[in-house]
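Everything below concerns the one structure shown next.
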Amino acid sequence: MSTLPLVSIITPSFNQAAFLEDALRSVLQQDYPNLEYLVVDGASNDGSLEIIRKYSSKLAWWVSEKDCGQAEAINKGLRRARGEIIAWLNSDDLYARGAILKAVRAFEEAGDCGMIFSNVFSINAQGELFNVMRYTDWGLKDLMAFNIIGQPGVFMRRALLEKVGYLEPNYHFLLDHQLWLRMAAAAPIRYVDDFFAAARFHPTAKNVAQASEFSREAFSILEWMQAQPTMREPFLRNRRRIMSGAYRLSARYLLDGGFPGRAFQHYLASLWYHPRTASQELRRMLFAWFSLFFPSSKMREDFIQRRARSLPEEIRQQFKDLCDEKKR
């Protein structure tokens, strides 16, 4: 244990009793011996406290009290965390088996890397796989163009986090992306072609229930980037690609939020700024157009089901091996 760095994991939670225990178990059953686990609950009243108390003897620290949102809750944990490597896992997401050890090994191989990220499985409320979020060797310019990294797959060095600062409380939806931008501007980041985690999509999740708010924050971050000395030059050199990325991301969330008309307009704007960037979501663009004329709920359900059926068998098996709750 003495040769392995201390890793701190923080789970923020508020009224997620339906998923909380699975999240806790996915952390506590990791094969990593030098782990510090902290849980920050926002005064839940749905039975979450009973679940947290059930595992309290295995937690380094936990609290249940009112807060002003996810950023404040996570920051509470970050201030308490002592680990050299830090991450947070939301209460409706899951770590894959072996994720923490893989992350530590990746840092050992990466030298001065300050942040690593992996691919992420997408699961529904029942824990069933329906998509995968695959990335590549993204750097600052890619993040500035609103290529979004799935938060559950990210691990950070504490030293870099302390250097750039914690989560900005004014952001409630893209708070993680704004932090990744600050980190990528200050130190190298590294992609690991593996799956560290699964992100759960369900009707009460922010990325579903409040999807249109992500659109608003994307343009807020766009303005913020232009005011950052470390980002001003790359912004000017890549302005059209960055603008296209902002509109593409906005369109994606507007479509998920049930606003196909505005989504299609933003996809057109993305195309105008940088066709190559916009074309990465051609299928969703066509879906937005069809949704203007036909009821979108059934179409969306069919789209998700077709996408799930089209997943390669090796991905299904990898998910089963890494995330099957029955094997934990």
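For the stretch 212-257, the tally of residues that are closer than 16 Å to L179 by Cβ, surrounded by 15 or more Cβ atoms within 10 Å (Cβ to Cβ) and β-branched (V, I, T) stands at 1. Report whether or not D194 is in contact with a strand residue (DSSP E or B) (Cβ under 6 Å, 6 or more places away or on another chain) and either at pLDDT below 95 or in the same structural domain as R105 (by TED's automatic domain parsing) (or both). When the stated conditions are applied, D194 passes them.
The values are calculated or read from the model by the stated rules, or taken from the named source; none is laboratory data. All values reported here derive from a predicted model rather than from experimental measurement. Note that we place each Cβ from the backbone using ideal geometry, even for glycine, and neighbour counts take in every protein chain shown.
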